[in-house]
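Bear in mind that the values in this text are calculations on the coordinates, not laboratory data. Quantities reported herein were computed from a predicted structural model and do not represent experimental measurements. Neighbour counts run over all protein chains shown; Cβ positions are idealised from the backbone, glycine included.
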Amino acid sequence: MSNSAIIRKATLEHASCLLEIYRPYIEHTAVSFELTVPTVEEFAQRIAVALETKDWLVAEICGEAVGFAYGAAHRTRAAYRHSVETSVYVRQDVHRRGVARTLYTQLLENLSSLGFANAYAGIALPNDASKGFHLGMGFQSIGVFPRVGRKFGRWHDVEWLHKQLRVDVSDEC
């Protein structure tokens with residue numbers, strides 16, 4: 001499999017294969033705080049919602065989906081409309097090959113073009129790899145929510161990181 005990933009806008013038809021990339025993060029890690037794997041239909045709905053006003057990208061190598069990144073609502077109240085929460089997930093066998101960086105670079109550029117001013121990412125701790133990745137992408141640590149999530153019989157802290165995307169934001173976003 002070549003190292004070069006092609007980044008595309010996700011479609012609802014990607015839901016099944018992207019859910020299979022996401023499944024191990026739910027079932028075996030605290031990276032995701034979901035406790036049960038959503039249905040393909042539920043996952044497709046998440047993609048549809050993200051594509052309405054934000055973005056959802058898929059990385060493909062040799063025509064096969066190997067990762068995805070998306071922007072989601074940071075909070076639902078109107079004053080938060082210029083901020084977005086970001087996530088990236090990559091298939092385990094392609095870690096450390098630049099797929100996440102390629103996805104995130106394009107995602108952050110797209111979100112900025114859509115008028116978003118701030119990107120936020122939450123990382124369940126400990127996760128040195130994700131923290132290092134986000135810092136390398138220009139995010140800055142802004143604090144930790146202690147014991148905010150409980151999964152696999154233990155409490156998990158979440159570190160929040162921020163990246164300013166732009167300063168010239170209109171009220172149209």
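Of all the criteria given as (1) surrounded by 15 or more Cβ atoms within 10 Å (Cβ to Cβ); (2) within 18 Å of Gly71 (Cβ to Cβ), the one not satisfied by Gln45 is (1). Checked against (1) β-branched (Val, Ile, Thr); (2) under 24 Å from Val167 (Cβ atoms); (3) in contact with a helix residue (DSSP H, G or I) (Cβ under 7 Å, 6 or more places away or on another chain), Ile142 passes all but a single condition, namely (3). In the set (1) surrounded by 13 or more Cβ atoms within 10 Å (Cβ to Cβ); (2) in contact with a strand residue (DSSP E or B) (Cβ under 9 Å, 6 or more places away or on another chain); (3) farther than 20 Å from Leu18 by Cβ, Gly115 fails one condition alone, (2). Among the residues of the range 126-155, those that are exposed (fewer than 13 other Cβ atoms within 10 Å of the Cβ) and of a type in the set (Lys, Arg) comprise Arg147, Arg150, Arg154. Among the residues making up the range 83-112, those that are closer than 15 Å to Lys163 by Cβ, buried (at least 18 other Cβ atoms within 10 Å of the Cβ) and not polar (S, T, N, Q) are Val84, Glu85, Val88, Ala100, Leu103, Tyr104, Leu107, Leu108, Leu111.
Across the range 134-173, the qualifying residues are those that are under 14 Å from the mean Cα position of the chain (by Cα) and free of Cβ contacts under 8 Å to residues at least 40 places away in the same chain, and the one among them that is farthest from Gln92 (Cα to Cα) is Phe139.
Return the only residue of Val37, Val31, Val66 being free of Cβ contacts under 8 Å to residues at least 24 places away in the same chain, in contact with a helix residue (DSSP H, G or I) (Cβ under 6 Å, 6 or more places away or on another chain) and buried (at least 17 other Cβ atoms within 10 Å of the Cβ). Checking each option against the conditions leaves just Val37.
Return a yes/no flag: does the range 11-30 have any residue that is of a type in the set (Val, Ile, Thr), touching a strand residue (DSSP E or B) at 6+ places or on another chain (Cβ under 6 Å) and outside any helix (DSSP H, G or I). No, the range 11-30 contains no residue that is of a type in the set (Val, Ile, Thr), touching a strand residue (DSSP E or B) at 6+ places or on another chain (Cβ under 6 Å) and outside any helix (DSSP H, G or I).
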